[in-house]
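K.L.:
Mind having a look at this structure? Questions to follow.
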Amino acid sequence: MNAPKPIDVESLKKVYLFASLTPAELKFLGGSIKRKQLFANEVVFREGDAATSLYIIESGNLRVVKTNPNGGDPIVLNSMGHGNVFGEIPYVAGGKRTASVMSLDQSFVLEITYDDLERMTQLNPQFGTKLFKSMAVFLAQKLKNTTDEMAGHKPEVKVATRKRNGDGGGQSGAGAGSSGEAVIELE
């Protein structure tokens, strides 16, 4: 039987979440990482599950899906491969899993529990600051990309102003003056 392949902590430097960590911090982190083998079509977690870990894809391909509110097939949100991180949203925002993740082929993921991240943050606050800043930058970029994608749909936008008066009534056209509030209507 082969011994498990050790975690290459230096390769973690290539993952956005850990790019700003020092070699000592990477080694510190590496001691808490567990490697998990996934077989094709294996579910890592399901939408609505309790969230306890985040993952880094070491090899293989995974798919992120969300329940279709209208029934039918799940909605495919994303496909991911080597180096992608997933499961970080509940670590930052709390709550349950926002989507399901499953492997498309044999894959290996690195698991880091939220409890271990919290422990490391308490022992080394600078580690925690770097970790949260990296997450904030990444999630802000995701939000920007989503906003840009939505803007690509170019909905018709009408801008008008409403007069501010005691009863809140009345509308006037654009250019009503500084006493109006802008109203954007998407159609």
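Rule-based calculations on the coordinates, nothing more; no lab input. This is a predicted model, so every value here is computed, not measured. Heads up, the Cβs are rebuilt from the backbone with ideal geometry, glycines too, and the neighbour counts pull from every protein chain shown.
K.L.:
Could you please report the charge total around residue 9, scoring K, R as +1 and D, E as -1 over all other residues with beta-carbon less than 10 angstrom from its beta-carbon?
P.N.:
Within the 10 Å Cβ shell, the charges total -1.
K.L.:
For the peptides 50-58, 9-17, 122-130, what is the packing order when you average, over each peptide's residues, the other Cβ atoms within 10 Å and list the highest mean first?
P.N.:
Peptide ranking by packing, descending: 50-58, 9-17, 122-130.
K.L.:
What is the gain in length, in nm to one decimal, between residue 42 and residue 149 on full extension, counting 0.36 nm per residue of separation less the C-alpha to C-alpha distance?
P.N.:
35.5 nm
K.L.:
Oh, and also: Quick one: in segment 1-114, what % of C-alpha pairs are over 19 Å apart?
P.N.:
It works out to 48 percent of all Cα pairs.
K.L.:
Suppose R0 equals 41 Å; then what is the FRET efficiency for residue 96 and residue 24 from their Cβ-Cβ distance, rounded to the nearest 0.05? All intermediate terms of the calculation are to be shown ahead of the outcome.
P.N.:
Details: r = 34 Å, r/R0 = 0.83.
With R0 = 41 Å, the Cβ-Cβ based efficiency is 0.75.
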